[in-house]
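Okay, so here's the structure we're looking at.
The values are calculated or read from the model by the stated rules, or taken from the named source; none is laboratory data. None of these values were measured; they are calculated from a predicted model. Positions of Cβ are backbone-derived with ideal geometry, glycine not excepted, and every protein chain shown enters the neighbour counts. Only protein heavy atoms, including side chains, enter the accessible area calculation; ligands, DNA and RNA are left aside. Shrake-Rupley method; radii C 1.70, N 1.55, O 1.52, S 1.80 Å.
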Amino acid sequence: MFRKILAILCVCALLPVFGEAVSLAAATPAQGRDPLTKVLVLSRHNLRSPIGTSTQSLTPHTWFSWTSGPGELSLRGGQLETIMGQYFRKYLVSEGLITENEQPQAGEMLFYANSFQRTIATAQYFSSGLLPVANVRIEHRLAVGEMDPVFASRLMFMSDAYSAAVREQLQTMRADAELGGIGKKLAANYQLLEQVLDLRHSTAAKSQGLDHFRTDGPELEFLLGDAPGVCSSSLQLAINASDALVLQYYEEADPQKAAFGHRLTEQEWREISWIKDLGMDMCCAAPLVAVQTAHPLLQLMQQELSLADRKFTFSCGHDSNLVSVLAALEVKPYILPQSVEAHTPIGGKLVIEKWLGRDGQEYASLSLVYQSTEQLRQRTILSLDNPPMRYPLELKGLAKNADGLYLF
């Protein structure tokens, strides 16, 4: 697996994004194996408030009263991340990697975050749960509010031929004759979103004539020095509304109130979330894009996994980072169970674990660890007997052994 990371720093391969869910693994990734020697976590920040104010005009209803400023970690997000850190403490103690009140020696652990409040705070709350007496310092490289290039997902190479190849790859991945087919496939999702928002009676409908989300397009931008993005205003507004509603569903205790008076099933919440999930995949999951935008994080992962003294690494970024890294590593298609977010739930973590095999060789497991929708909404206390969700990831071109591990 280590050679795969090295190779992907230089080359890319095709990766479809969608597929059937596979069975959920037990809380411990492998049975009958020797010690856990190293853990690397790439985390999405936990629950935040919506980033912008564009959604306010899309509904006549009142949004949730957030406990944090725009785009910042909410109070519930801090609680949820502390709970996750406490679970990891119990898990790593049970595996013998740390002690109950671990105070790590210099160089044994790294906590590194993008320089935004929500990512720094997520790392801080996680570290408080994991190492409650260690007074951990969270490393971030820039002033708060500035984007660290490691997490920026920027395109550092661009040409007309490359841009055309990316668009062709996206069309192949989606089995669409043209990218405009994506909007048409979202028609039912848009309709549900419009009903929940009561878009026809919104300020945007009255002042701008925006009473529905257009299904033509979408338009994508691939610009040198910038992150890939959606420049279709209708799709971007729908993505923003989808994001805000899902966040509100996690925060608001009354699910009917979270849906502005509508009684939604879990499947309907997934359909609303799919709008933003698909938008993220379009921008970040094409392999030609992913191997470029994930390159700085892959370099960090390679370095951390090779440091002899490092036993735990926690880096905190965004859903775009997880999507691009997973695509670059050629993770097989998956849909996460018990989550309204299909691929990278809020607070979700890519966890790479190194194990020392009985044959003296090093092995690795890869999984996504995340709180289920119910655990997020209920702020469920996690433990070894009541763990978070753990979804085993499979890599194209590599075979697992009987314990479900890859030769490192």
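Scanning for something open to solvent by 30 Å² or more (accessible area, probe 1.4 Å), at negative phi and free of Cβ contacts under 8 Å to residues at least 24 places away in the same chain, does the range 348-364 turn up at least one residue?
Yes, the range 348-364 has at least one match.
Is it true that residue 125 is assigned to a helix (DSSP H, G or I), in contact (Cβ under 8 Å) with a residue 40 or more places away in the chain and buried (at least 18 other Cβ atoms within 10 Å of the Cβ)?
yes
Residues of the range 305-319 being touching an Asp or Glu at 6+ places or on another chain (Cβ under 7 Å) and either open to solvent by 30 Å² or more (accessible area, probe 1.4 Å) or among the aliphatic types (A, V, I, L, M) (or both), which ones?
Passing the criteria: 309, 310, 311.
Mind checking which residues of the range 143-163 are open to solvent by less than 60 Å² (accessible area, probe 1.4 Å) and closer than 12 Å to residue 120 by Cβ?
Once the filter is applied, which keeps residues that are open to solvent by less than 60 Å² (accessible area, probe 1.4 Å) and closer than 12 Å to residue 120 by Cβ, the range 143-163 yields 143, 145, 148, 151.
If the Cβ limit is 8 Å and pairs must be 6+ apart or interchain, which residue in the range 370-384 that is aliphatic (A, V, I, L, M) pairs with which residue that is assigned to a loop (DSSP other than H, G, I, E, B)?
Qualifying pairs under 8 Å: 376/47; 376/345; 376/346; 376/347; 382/371; 382/388; 384/27.
Given the criterion of a type outside the set (Asp, Glu), in contact (Cβ under 8 Å) with a residue 40 or more places away in the chain, crowded, with 23+ Cβ neighbours inside 10 Å and out of contact with any strand residue (DSSP E or B) (no Cβ under 8 Å at 6 or more places or on another chain), identify the matching residue among 293, 344.
293
Scanning for something among the hydroxyl-bearing types (Ser, Thr, Tyr), at pLDDT 90 or above, under 24 Å from the mean Cα position of the chain (by Cα) and at negative phi, does the range 191-214 turn up at least one residue?
no
Looking only at residues that are among the charged types (D, E, K, R) and in a strand (DSSP E or B) in the range 40-86, which one is nearest to residue 239 (Cα to Cα)?
48
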